[in-house]
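Structure record follows, encoded as structure tokens.
Nothing in this text is a laboratory measurement; each read-out follows from the coordinates by a stated rule. Keep in mind it's a predicted model, so treat the numbers as computed, not measured. No Cβ is skipped: glycine too gets one built from the backbone with ideal geometry, and neighbour counts run over all protein chains shown.
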Amino acid sequence: MRDARERVRPRRQCYTGLMNDRDDRPLFRKIDCLRLPVPDLDAGLAFYRDKLGHKLSWRTETAAGLRMPETDAELVIHTEYDGMETDLLVASAGDASAAIVAAGGRVLKRPFDIPIGRCVVVEDPWGNCLVLLDMSKGALIADSNGHVVLDDFGNPRVARPNDLAG
């Protein structure tokens, strides 16, 4: 008969090539957002916010984040480029790109800065494009009307990760 330690020992996960060494969690933390292109931001807000009922979280000149009630993932409507995109949150965009390459994928666009952290565009072995981002700089700060607050240089202000914990 097995002793209690053997019965409760966690099974080894099959994610070995994609594990984050720091905390043994899978590479992808959560879906951050679903990005949807619209030809005009105000028309997109009239549809998704006003007619479908999604509350505005934040807005810039080219994009707006809308809340969904049963998740913290956002709908992000934007006028920046064509094509729908799903962004996945990772602990570190740089580490994630290395993990994808080690697992047999490839980097399509090397890690680059974004207002909230870093982003990388990768492809899995079957040609699926994945947009991976981290929030190493923090979350966007929006005013009471949902407009992203800008600093003196016109850059979006963010709440640093330590500011979000308290």
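In table form, for the structure just shown:
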{"item": "Shape of region 16-166, Cα gyration tensor, a/c cut at 1.5", "result": "prolate"}
{"item": "Exposure proxy ranking, count of Cβ atoms within 10 Å, fewest first, for Tyr81, Tyr48", "result": "Tyr81, Tyr48"}
{"item": "GluC sites (Glu not before Pro) within region 56-85: DSSP coil, no more than 16 neighbouring Cβ in 10 Å", "result": "Glu61, Glu70, Glu80"}
